[in-house]
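The values are calculated or read from the model by the stated rules, or taken from the named source; none is laboratory data. Just so it is clear, the model here is predicted, and its values are computed rather than measured. A quick note on method: Cβ atoms are made from the backbone with ideal geometry, for glycine too, and the neighbour counts reach across all protein chains shown.
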Amino acid sequence: MRNKKYRFACNAKAYNVIEPYLLKTEYPNGWPRTYFQNNNPLVIELGCGNGEYTVGLAQKDYNSNYVGVDIKGDRIWVGSQQAIAMNLKNAAFLRIRAEDLDKFFLPHSVNEIYINFPDPRPKLSDAKKRLVSPRFLDLYTKILIEGGCLHLKTDSSQLFDYALEILEQNDFLIKEKHYDLYDYLEHTPTIQTKYEKKFLSQGYAIKYLKAELHK
Ligand SMILES: C[S@@+](CC[C@H](N)C(=O)[O-])C[C@H]1O[C@@H](n2cnc3c(N)ncnc32)[C@H](O)[C@@H]1O
């Protein structure tokens with residue numbers, strides 16, 4: 001456990017942590033193609049927290065580029081340091097608010113978006129802060145390619161049902177849905193996030209959906 005100040009200082013030196021101010025100085029001609037130096041498919045994880053999912057995906061597939069997005073630098077530090085230790089060149093972390101996604105990704109440049117255990121925001125007054133609310137889906141529609149995928153994992157039945165409804169009203173086709181992912185997967189190994197482990201240990205069923213964008 002290192003304190004926040006230490007983690008922020010590491011992030012400032014880490015080549016794989018992208019802060020908005022770097023875009024002008026280090027990547028004046030665009031990001032993330034300049035960063036990854038290839039045209040491989042681009043996959044982002046929103047609200048990546050400690051980034052274990054981004055790191056896990058990047059380890060499994062060197063032919064795609066993975067970007068973990070979160071506003072909390074002290075959480076991103078965990079994934080950033082792991083990716084550096086593993087010399088993973090296809091993983092990076094972007095410390096921004098999800099609300100600003102379209103400022104950092106070109107239109108129709110992203111192949112897939114993963115959202116794992118987002119804050120469910122159950123109050124009606126917080127509905128527009130949910131990462132699957134229509135205003136966020138508008139952003140995803142701007143940056144995803146046609147046929148691009150959105151994946152959601154959550155412990156919250158309320159958020160899951162809300163997402164299924166809102167996605168279908170907003171140009172997304174539900175391709176897969178499971179109310180108990182681990183019952184469906186049986187013993188297939190998966191990458192588990194910090195929150196996923198916590199909810200599993202508390203006995204929650206993990207819900208999963210995959211939706212495809214068709215405008
Ligand atoms: C409940 S945690 C889940 C973290 C991780 N996905 C996991 O499964 O362990 C939600 C994460 O989303 C991030 N987050 C919430 N709203 C966000 C926003 N609007 N923009 C960027 N990150 C956000 C939080 O900082 C937090 O790390």
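Summary table below
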read-out: Test for Leu167: is it away from the ligand (no atom under 16 Å from the Cβ) and not charged (D, E, K, R); value: yes
read-out: Qualifying residue in the range 7-27 (condition: assigned to a loop (DSSP other than H, G, I, E, B) and in contact with an Asp or Glu (Cβ under 7 Å, 6 or more places away or on another chain)); value: no
read-out: Every pair of residues 6+ apart whose Cβ atoms lie under 8 Å, when the first sits in the range 169-188 and is without any contact (Cβ under 8 Å) to a residue 60 or more places away in the chain while the second is in a helix (DSSP H, G or I) and charged (D, E, K, R); value: Asn170/Asp138; Ile174/Glu168
read-out: Criterion: more than 12 Å from the ligand (Cβ to nearest atom), within 27 Å of Arg75 (Cβ to Cβ) and at pLDDT 95 or above - qualifying residue of Tyr114, Tyr195, Tyr208; value: Tyr208
read-out: Any chance Gly68 is within 12 Å of the ligand (Cβ to nearest atom) and without any contact (Cβ under 8 Å) to a residue 60 or more places away in the chain; value: yes
read-out: Pairs, first basic (Lys, Arg) in the range 132-151, second surrounded by fewer than 19 Cβ atoms within 10 Å (Cβ to Cβ) and outside any helix (DSSP H, G or I), C-beta under 9 Å, six or more apart; value: Lys142/Pro107; Lys142/His108
read-out: Conditions (1) within 15 Å of the ligand (Cβ to nearest atom); (2) more than 15 Å from the chain's Cα centre (by Cα); (3) under 19 Å from Ile18 (Cβ atoms); (4) at pLDDT 95 or above: number failed by Lys89; value: (1)
read-out: Selection within the range 71-86 - more than 9 Å from the ligand (Cβ to nearest atom) and surrounded by 24 or more Cβ atoms within 10 Å (Cβ to Cβ); value: Trp77, Gly79, Ser80, Ala83
